[in-house]
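Everything below concerns the one structure shown next.
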Amino acid sequence: MTLEKTILIAVGLMLAGSPAWSQTPASATADANTPQTNWWSAPGREDGPPRIVWAAQRRPETPYTGPNKPIWHIADILKAHEGHDSWDQPVLLTGDFDGHYISMAPGEKTKCMFYADDRVFGWVYSGQIKIVIDGQEPKILSKGWAFNVAPRLSYCMETVGNEPVVIFRTTPAG
């Protein structure tokens with residue numbers, strides 16, 4: 001190997017390693033207990049350049065229609081239907097979903113239902129309900145349990161016990 005090639009290799013290695021040599025150790029620039037952060041990731045601080053954010057807003061805002069409103073309180077729904085064991089309160093209606101709070105009296109049964117392309121889901125607020133889904137063992141669900149019926153499976157519901165059951169159920173709209 002010639003002297004010129006050896007010098008070129010040495011210069012190349014020095015240039016390749018120079019970025020690492022130019023960095024100062026973290027202990028020299030900051031306290032060892034202070035984590036290094038960038039201005040854009042520092043929590044609760046806006047030290048960086050000002051940011052302009054654009055967001056579309058409809059003026060006037062679209063009003064709530066039908067049963068839709070920002071907040072439904074279950075206590076208000078129960079109070080409105082006090083003294084009735086069976087009732088149905090629609091609370092959600094969109095182009096895709098139809099949501100209802102439903103109360104069923106003790107021993108009450110629903111007809112078997114079926115949706116070809118969409119699932120049905122919901123949860124039990126109070127009482128006990130038996131859900132029978134095609135191809136599965138019947139399940140008795142109590143307060144707090146959720147259910148999810150896959151598309152193309154029929155299902156039936158029946159109140160179990162001596163008290164009415166209150167459930168929230170979402171089905172496909174229409």
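The values are calculated or read from the model by the stated rules, or taken from the named source; none is laboratory data. In this text, all values refer to a predicted model and were calculated from it rather than measured experimentally. Don't worry about glycine lacking a Cβ; one is built from the backbone with ideal geometry, like all the others, and counts go over all protein chains shown. Surface areas here come from the heavy atoms of the whole protein model, side chains and all, with no ligands, DNA or RNA. Shrake-Rupley method; radii C 1.70, N 1.55, O 1.52, S 1.80 Å.
The figures follow:
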| item | result |
| --- | --- |
| Segment 94-110, subset out of contact with any Ser or Thr (no Cβ under 7 Å at 6 or more places or on another chain) and of a type in the set (D, E, K, R), residue least open to solvent (accessible area, probe 1.4 Å) | ASP96 |
| Output for segment 64-93, where each listed residue is exposed (fewer than 13 other Cβ atoms within 10 Å of the Cβ) and either outside any loop (DSSP other than H, G, I, E, B) or at pLDDT below 85 (or both) | ALA75, ASP76, LYS79, ALA80, ASP88 |
| Residues satisfying the stated conditions in segment 111-120, i.e. surrounded by fewer than 16 Cβ atoms within 10 Å (Cβ to Cβ) and not in a loop (DSSP other than H, G, I, E, B) | MET113 |
| So ASP85, is it within 20 Å of GLY174 (Cβ to Cβ) and in contact (Cβ under 8 Å) with a residue 24 or more places away in the chain | no |
| Identity of the residue in segment 141-155, assigned to a strand (DSSP E or B) and open to solvent by less than 30 Å² (accessible area, probe 1.4 Å), that ends up farthest from TRP87 (Cα to Cα) | VAL149 |
| Contacts under 7 angstrom Cβ, first residue in segment 39-64 being farther than 20 Å from THR94 by Cα, partner at pLDDT below 75 and loosely packed, with under 10 Cβ neighbours inside 10 Å, 6 or more apart | TRP39/ASP47 |
